[in-house]
Amino acid sequence: MTPIGMGIAVVGAGIGIGMIGSKAMEAISRQPEAVGDIRANMILTAALVEGAALIAIILSLIAK
């Protein structure tokens, strides 16, 4: 059961970061002058998603 939980966490993080990047590119194309703010928020949000995925992977190892 542990590999299934880890796989779900990784897939979820991948989808989430992909959506973050996609929406950030759309926002930059609509408002090029805000590229710095958008990029900073994108990196922060991607880091939070990665942290949540890492916690999910660790918890699936512990729940073994």
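Part of a helix (DSSP H, G or I) and modelled with pLDDT under 95, is that true of GLY5? Outline the logic, then answer.
On the way: part of a helix (DSSP H, G or I): yes; modelled with pLDDT under 95: yes.
Yes.
Pick from SER29, SER60: which is without any contact (Cβ under 8 Å) to a residue 12 or more places away in the chain, in a helix (DSSP H, G or I) and either surrounded by 12 or more Cβ atoms within 10 Å (Cβ to Cβ) or of a type in the set (Ser, Thr, Tyr) (or both)?
SER29 is the lone residue from the list that is without any contact (Cβ under 8 Å) to a residue 12 or more places away in the chain, in a helix (DSSP H, G or I) and either surrounded by 12 or more Cβ atoms within 10 Å (Cβ to Cβ) or of a type in the set (Ser, Thr, Tyr) (or both).
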Checklist line | Where a residue in segment 1-15 is over 17 Å from LEU48 (Cβ atoms) and its partner, wherever it lies, is basic (Lys, Arg) and loosely packed, with under 14 Cβ neighbours inside 10 Å, with Cβ under 6 Å and at least six apart | finding: THR2/LYS64
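The values are calculated or read from the model by the stated rules, or taken from the named source; none is laboratory data. Everything quoted here is computed from the prediction, not taken from an experiment. We place every Cβ from the backbone using ideal geometry, glycine too, and count neighbours over all the protein chains shown.
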